[in-house]
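Heads up, the thing below is written out as structure tokens.
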Protein chains: 2
Amino acid sequence: MNIPCVFWLVPIASIVALGMAFFFFRQMMGEDEGTPRMREIALYVRKGAMAYLWQQYKVVGIVFVVLCALFAFMAYGLNVQNPWVPFAFLTGGFFSGLAGFFGMKTATYASARTANAARQTLNSGLQVAFRSGAVMGLTVVGLALLDVSVWFLILDHFIPADNHLIIITTTMLTFGMGASTQALFARVGGGIYTKAADVGADLVGKTEYNIPEDDPRNPATIADNVGDNVGDVAGMGADLYESYAGSILATMALGASAFATSAVEGMQLRAVLAPSLIAAVGVALSILGIFLVKTKEDAGMKQLLAALSRGTNTAAVLIAVASFAIFAWLFGTETNQWWQISLSVVVGLFAGVIIGKATEYYTSQSYRPTQKVSESSQTGPATVIISGLGLGMLSTAIPVVTVGCAIILSYLCANGFHVEFTPENLSMGLYGIGIAAVGMLSTLGITLATDAYGPIADNAGGNAEMSGLEPEVRKRTDALDALGNTTAATGKGFAIGSAALTALALLASYVEEIKMALIRLGETLPNGVDAAQATLVDFMEAYNVNLMNPIVLVGVFIGAMMAFVFCGLTMNAVGRAAQKMVEEVRRQFREIAGILEGKADPDYARCVAISTKGAQREMMLPALMAIIVPIVTGVILGVAGVLGLLIGGLSSGFVLAVFMANAGGAWDNAKKYVEEGNFGGKGSDCHKATVVGDTVGDPFKDTSGPSLNILIKLMSMVSIVMAGLTVTFTLF
Amino acid sequence: MNIPCVFWLVPIASIVALGMAFFFFRQMMGEDEGTPRMREIALYVRKGAMAYLWQQYKVVGIVFVVLCALFAFMAYGLNVQNPWVPFAFLTGGFFSGLAGFFGMKTATYASARTANAARQTLNSGLQVAFRSGAVMGLTVVGLALLDVSVWFLILDHFIPADNHLIIITTTMLTFGMGASTQALFARVGGGIYTKAADVGADLVGKTEYNIPEDDPRNPATIADNVGDNVGDVAGMGADLYESYAGSILATMALGASAFATSAVEGMQLRAVLAPSLIAAVGVALSILGIFLVKTKEDAGMKQLLAALSRGTNTAAVLIAVASFAIFAWLFGTETNQWWQISLSVVVGLFAGVIIGKATEYYTSQSYRPTQKVSESSQTGPATVIISGLGLGMLSTAIPVVTVGCAIILSYLCANGFHVEFTPENLSMGLYGIGIAAVGMLSTLGITLATDAYGPIADNAGGNAEMSGLEPEVRKRTDALDALGNTTAATGKGFAIGSAALTALALLASYVEEIKMALIRLGETLPNGVDAAQATLVDFMEAYNVNLMNPIVLVGVFIGAMMAFVFCGLTMNAVGRAAQKMVEEVRRQFREIAGILEGKADPDYARCVAISTKGAQREMMLPALMAIIVPIVTGVILGVAGVLGLLIGGLSSGFVLAVFMANAGGAWDNAKKYVEEGNFGGKGSDCHKATVVGDTVGDPFKDTSGPSLNILIKLMSMVSIVMAGLTVTFTLF
């Protein structure tokens, strides 16, 4: 196939992103790492984090080998699957892991340097932390675009001409499954690790012994700081790599099928390339945005926030404008299609911003909802929990309604505002939904930077505390951390919103994959319709994927349950691991003489080992469940049951994820609000009550909640990859 | 129409049930109410409960008047609705309220008498409490069957011959909406009342002042006991009236449509009558079961439990056997249909038992899960909350899988094990699902008795404590209460399982009602198919109710959100009301001199007033939301959106309800496990941590959780009643 030269923008953007990431990395490495004690502590954390990451990669590696063997057997033995699947799956997992690894490596080098820079001014601290966050942001988008472009070229070379682009794009989805699998392990494993350490450290240190956070006397404090890196940094990196790549891949597949019968020469190819082009332009704009984040040396919090917002907002506005140019160029301006589809990008961006603002409203202590949670601490921990749960549940309304509107609007914009439910309108509309998700994530390079520098600042604070730096430094890193929480809210909005839209787009890809499987097997649809000619609507009729079919309804039930059971498993995992940590910390305080006076060193390594072991053991079951349940559902309930499962998991999972993230965020900030001196301030009974809330919120917002985003996409990806099996063997 | 004489069994069963209820009531009233102090306290509680109930009925009355006027306008003004709707709606609400009222009246008379009887032996306490519970059980089923039979006769007289039975049965569903509306207000209002009082009393009394439960020095103690009556008794009565009537009505409607084209003379009528006949026979067997609950005078806990189980199990086994006889008689034994449909009853009963056992396993302190929650109290309240939430989430697996299997099995049994998705198989299968729900609830007369006597025993304990009876009496009432918790688990399993099945059956009724509305308006389906000839499958195709339609998906999202927002509203309502209660109790302890020494009387009335006001104010928003959202969704998103909404609400609501009920139950019993002397026993730090769990669990299990069951059915009922509006005005 003739690849148009515009395609080459994608690999170029990828290389530019990776190059800039390397540039920022070198810049950060050039900073001074501070006092010997600071270096020592940073080394401790770095070693612990790397040791854990290797452990995790080993376990995940085994899972990948087993899955790969299974895919190879299905492809070469049973012939029910595309032969490229095992390889695409592997690279997806590898690159996702690599994104996490690079991000974490940067973060562990950056924390002491950030602390050291913060000894001068707030602004210099921000510069180091933010540029280090940018390394992660640019690495994620760079690796994703690299993987997309290389695989596209390879498959273009080998895949025969029949259904060329459809087969290429659906094959590339497999690499999404690799990325999702890796991301789920990273989020769940990292999440359990970090929260076991955090909860354990807080419960004994803060609550029982009244020593401050990150105090070097606390045996769990190194594990806690390691946890921030493996959970919040490496986990987040793998997670957002998966979101970013997933949205692009799903939309490419939708483009291939929506324009499969287009009369215009090369239109299908241009529709397939559009999402990666938007992403490529987004990379350039993200880099521009990153350079815009600059302030005067004596800048205060307000100016810093303004600087960050300037960067992200400029990138967002420009990408909206740029998308009109991209589609005008790709689709031509003879018809209205170019601006109609571009509106879908705008819808996606807007929806992301609204969800972000809603998240901020519900979780920031500057607003009433979180302040009310603080207030309820006057009547003890129970009312803190009740009001936090209530807040979290209520906070689902705006995001869900926003995503609902975004779905309908991006659908209607892309298909030229046609309400009639015809196969053509449907395909174009679904492509629009995918484009909205890509638009939402297009500036990930910079939004992830604003998200990722938070944990770096957090770690810098830990380093400052443990190295015994002046309290002023800790105050500055805390301010950076708080600033990060505000900007991260927007980032989270984009992540959750795009997950819902991407998962929706993946539903259509699933049906497309069923179609490909039927064509490969030479079979027709159950009602005799020729698979090659069948539209999405034909599939719905042939497989009875309607809401009166009990199989669909049972699938929906099981999907909804999956979201809850998955959270239950991860919550319990954190609970169990944290309990072990508490016991160990208590034991050390009891048995090591002089530990509380700072005369004897605690045994940090044992706490690290407990978190590592806990995470290793506990991450397997939930992650495997996410892979196995869709396969089993496919075998027992068939296509209709799988689609029900995916919808049930998507709807409940999305709402549950928002609930958990916001409840957790509100508890965290309700505690901070008390610590700022309200309701008695630090050490008061109210403070203790809010610490209970914060502790419960930890697994909510950092383990179970964010993993749900991945879960819903992984279940779709597994179903897509296993489509061949589902049409070959099924009970119903 | 010629009504076959077998029909008269239904009104006869109703009169027998009401007669027996009156008999048991008189028997209970003949018991001695004890010492003057006991009478005085019972009078206090009775007066408070009645005063609240009247208040609530007033508010609900206004809502009913407004809704009735709206229905009347739609029926007579706009002509989009069946003219019987306003009347049917009113009686449903009235009877549901009446069931709650009678139940509560009985309970408030029974508590002192139970306490007095428990002064002799455990067994005599059980007899009084259980017989009083039976009054409630029999009143609920009696009133429901009365309403069903009277309306059937009236409508049969007035409705013209065209589509006679379909119009009768879909009209009767409106009375289900009345019952659901009343039930939702009763559950939410009563739930807020009781938990505000309970949480308030516990937080200050138990946690801050270390005085025991139900201590007369606690100003909130009367409000707490009043709350048990208005929430656990009146709320539960209205709730189960709604479930019972709803399952019968939905199945009647399914029978009318499944057999609409049956060639056999009178078959349709017999299919319509079948559910009420099963219910009628269930009444007789329940009464038999109630009489089987007898033990020797000196019986211990084990014998009492065996006696209760003997009653419920005998009734359940016999109804399974009887249903074969009923269907053999109604449908004849020429074809296999009679035993196939009967198997659906067995499936329903089995599913109920499995869910009940799973509930018991997850919430009883005799098993590991709840014991683990107790264990986690060693590391403080935060881990108690985390492990309880984790347990609740995991506990959703068995009920969901069970209901999933029950749906598929009862569907397949009823349609003769035909997997093909044809309109005939679908209609018969859905009828089977409805029959399974009816089977599950058929022995409600006795299962509700085992459920309802728990709160009576609880109140008897309160009375014993406040009247200063010997500690032995309190121990006995506590034992009865604990016994009630175990048997109530099964009851809850039946309630939750049947709600899911009934809601599913209501989906089909909704489509049926859309069909009727189109016929009334003389319109065709959107794709031109004649409404009168259209099957359920035609409707799915005409309205594009498939999982690729973004309108459906947005509906599912909003439905899932509804469940969470509804819980958020009710949780916050309890939190707010409880906070006010805490402040008032603290104030009284502070300001009333001598209150703690028992020298001065607390101001009980003010606490009662706070709970009343809180419940009144806070119940409006969630209840109205349940009514308004389906209407608005219908107007904006049309039929496809409404079906999506109902499925989303049903799936998430069901899972969320199980999660909340089980987490709440486990926290309650984890506290009891500690109180039994484990982990330091009463007054220890572990105990305090579990009290926090119990307090959070209170609104989970007694306000938000059980209300969800009603919410999902009410949303369906509203959609059904508003079907005429939806087909007349809709945006998409």
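Among residues of segment B:329-370 being crowded, with 22+ Cβ neighbours inside 10 Å and aromatic (F, W, Y), the one that is modelled with the highest pLDDT is B:Y362.
From B:K492, B:K515, which residue is assigned to a helix (DSSP H, G or I) and over 17 Å from the mean Cα position of the chain (by Cα)?
Working: B:K492 fails: over 17 Å from the mean Cα position of the chain (by Cα).
Criteria check complete, one pass: B:K515.
Kindly establish whether A:S395 is among the hydroxyl-bearing types (S, T, Y) and modelled with pLDDT under 95. Considered against the rule, which asks whether it is among the hydroxyl-bearing types (S, T, Y) and modelled with pLDDT under 95, A:S395 comes out as no. Among the criteria (1) facing chain B (nearest Cβ under 10 Å); (2) more than 27 Å from the chain's Cα centre (by Cα), the one A:S427 does not fulfil is (2).
What do you reckon, is A:G497 open to solvent by less than 30 Å² (accessible area, probe 1.4 Å), in a helix (DSSP H, G or I), touching a helix residue (DSSP H, G or I) at 6+ places or on another chain (Cβ under 6 Å) and away from every other protein chain (no Cβ under 14 Å)? No: the conditions fail for A:G497. Filtering A:A315, A:A322 for residues that are under 30 Å from A:F659 (Cβ atoms), in contact (Cβ under 8 Å) with a residue 40 or more places away in the chain and open to solvent by less than 70 Å² (accessible area, probe 1.4 Å) leaves a single hit, A:A315.
Within segment A:371-396, the set of residues being more than 7 Å from every other protein chain (Cβ to nearest Cβ) and either surrounded by fewer than 24 Cβ atoms within 10 Å (Cβ to Cβ) or free of Cβ contacts under 8 Å to residues at least 60 places away in the same chain (or both) comprises A:Q371, A:K372, A:E375, A:Q378.
For (1) among the polar types (S, T, N, Q); (2) in a loop (DSSP other than H, G, I, E, B); (3) open to solvent by 10 Å² or more (accessible area, probe 1.4 Å), each residue gets a yes or a no:
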site	(1), (2), (3)
B:A260	no, yes, yes
B:A263	no, yes, yes
B:A271	no, no, no
B:L288	no, no, yes
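Which of the residues spanning segment A:512-550 are closer than 22 Å to A:L711 by Cα and at the interface with chain B (Cβ under 7 Å from one of its Cβ atoms)? Scanning segment A:512-550 gives no hits.
For beta carbons closer than 6 Å, sequence separation of 6+ or different chains, a first residue in segment B:473-490 that is closer than 9 Å to B:E360 by Cα and a second that is open to solvent by 10 Å² or more (accessible area, probe 1.4 Å) and β-branched (V, I, T), the qualifying pairs are B:A489/B:T359.
Just to verify a result, which residue in segment A:397-420, among those that are closer than 15 Å to B:I636 by Cβ and open to solvent by 30 Å² or more (accessible area, probe 1.4 Å), is farthest from the other protein chains (Cβ to nearest Cβ)? Here the residue is A:L409.
Quick check on B:R606: is it free of Cβ contacts under 8 Å to residues at least 12 places away in the same chain, more than 8 Å from chain A (Cβ to nearest Cβ) and either part of a helix (DSSP H, G or I) or open to solvent by 20 Å² or more (accessible area, probe 1.4 Å) (or both)?
Numbers: free of Cβ contacts under 8 Å to residues at least 12 places away in the same chain: no; more than 8 Å from chain A (Cβ to nearest Cβ): yes; either part of a helix (DSSP H, G or I) or open to solvent by 20 Å² or more (accessible area, probe 1.4 Å) (or both): yes.
Answer is no for this residue.
Filter segment B:77-94 down to residues that are of a type in the set (F, W, Y) and under 18 Å from B:L155 (Cα atoms) and give me whichever is least open to solvent (accessible area, probe 1.4 Å). This residue is B:F89.
Condition check: under 24 Å from the mean Cα position of the chain (by Cα), within 14 Å of chain A (Cβ to nearest Cβ) and of a type outside the set (V, I, T). Does B:M562 satisfy that?
Values: under 24 Å from the mean Cα position of the chain (by Cα): yes; within 14 Å of chain A (Cβ to nearest Cβ): yes; of a type outside the set (V, I, T): yes.
When the stated conditions are applied, B:M562 passes them.
Listed here are the residues, each with its yes/no results for (1) at pLDDT 90 or above; (2) basic (K, R); (3) more than 28 Å from B:M619 (Cα to Cα).
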site	(1), (2), (3)
B:A118	yes, no, yes
B:F130	yes, no, yes
B:W151	yes, no, yes
B:H157	yes, no, yes
B:L165	yes, no, yes
B:T170	no, no, yes
B:S180	yes, no, no
B:G191	yes, no, no
B:T194	yes, no, no
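On the basis of being part of a helix (DSSP H, G or I), within 14 Å of chain B (Cβ to nearest Cβ), touching a Gly at 6+ places or on another chain (Cβ under 7 Å) and within 30 Å of A:G555 (Cβ to Cβ), does A:G648 make the cut? So A:G648 passes the test. Scanning segment B:144-203 for residues that are among the polar types (S, T, N, Q) and closer than 30 Å to A:I386 by Cα yields B:S180, B:T181, B:Q182, B:T194. Annotation note: of A:S684, A:S716, the sole residue that is under 19 Å from A:A238 (Cα atoms), touching a helix residue (DSSP H, G or I) at 6+ places or on another chain (Cβ under 8 Å) and either open to solvent by less than 10 Å² (accessible area, probe 1.4 Å) or more than 12 Å from chain B (Cβ to nearest Cβ) (or both) is A:S716. Screening B:T502 on (1) of a type in the set (V, I, T); (2) more than 14 Å from chain A (Cβ to nearest Cβ); (3) open to solvent by less than 10 Å² (accessible area, probe 1.4 Å) shows it passes everything except condition (2).
Could you check, for segment A:565-584, whether at least one of its residues is more than 30 Å from A:V204 (Cα to Cα), in a helix (DSSP H, G or I) and either touching a residue at least 40 places away in the same chain (Cβ under 8 Å) or facing another protein chain (nearest Cβ under 7 Å) (or both)? Give the derivation first.
First, pick out the residues of segment A:565-584 that are more than 30 Å from A:V204 (Cα to Cα): none.
Looking for residues that are more than 30 Å from A:V204 (Cα to Cα), in a helix (DSSP H, G or I) and either touching a residue at least 40 places away in the same chain (Cβ under 8 Å) or facing another protein chain (nearest Cβ under 7 Å) (or both), one finds none in segment A:565-584, hence no.
Does B:I631 satisfy the condition of being closer than 30 Å to B:V721 by Cβ and away from chain A (no Cβ under 11 Å)? Against the criterion (closer than 30 Å to B:V721 by Cβ and away from chain A (no Cβ under 11 Å)), B:I631 qualifies. Filtering segment A:180-206 to residues that are open to solvent by 10 Å² or more (accessible area, probe 1.4 Å) and under 22 Å from the mean Cα position of the chain (by Cα) leaves A:Q182, A:R187, A:D198.
Let's see how each residue does on (1) outside any helix (DSSP H, G or I); (2) farther than 30 Å from B:I627 by Cβ; (3) of a type in the set (G, A, S); (4) without any contact (Cβ under 8 Å) to a residue 12 or more places away in the chain:
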{"residue": "B:M28", "(1), (2), (3), (4)": "no, yes, no, no"}
{"residue": "B:E33", "(1), (2), (3), (4)": "yes, yes, no, no"}
{"residue": "B:M38", "(1), (2), (3), (4)": "no, yes, no, no"}
{"residue": "B:Y76", "(1), (2), (3), (4)": "no, no, no, yes"}
{"residue": "B:F89", "(1), (2), (3), (4)": "no, no, no, no"}
{"residue": "B:S96", "(1), (2), (3), (4)": "no, no, yes, no"}
{"residue": "B:Y109", "(1), (2), (3), (4)": "no, yes, no, no"}
{"residue": "B:R131", "(1), (2), (3), (4)": "no, yes, no, no"}
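Only a single item in (1) open to solvent by 10 Å² or more (accessible area, probe 1.4 Å); (2) within 22 Å of A:G388 (Cβ to Cβ); (3) in contact with an Asp or Glu (Cβ under 8 Å, 6 or more places away or on another chain); (4) not aliphatic (A, V, I, L, M) is not met by B:F679, and it is number (2). May I ask you to verify whether B:P212 is farther than 25 Å from B:S180 by Cα, open to solvent by 10 Å² or more (accessible area, probe 1.4 Å) and in contact (Cβ under 8 Å) with a residue 12 or more places away in the chain? When the stated conditions are applied, B:P212 passes them. Within segment B:256-275, the presence of a residue that is at pLDDT 85 or above, under 30 Å from B:L53 (Cβ atoms) and of a type outside the set (S, T, Y) is excluded.
The values are calculated or read from the model by the stated rules, or taken from the named source; none is laboratory data. Fair warning: this is a prediction, and the values are worked out from it, not measured in the lab. A quick note on method: Cβ atoms are made from the backbone with ideal geometry, for glycine too, and the neighbour counts reach across all protein chains shown. We work out accessible area using only protein heavy atoms, side chains counted, and drop any ligands, DNA or RNA first. Shrake-Rupley method; radii C 1.70, N 1.55, O 1.52, S 1.80 Å.
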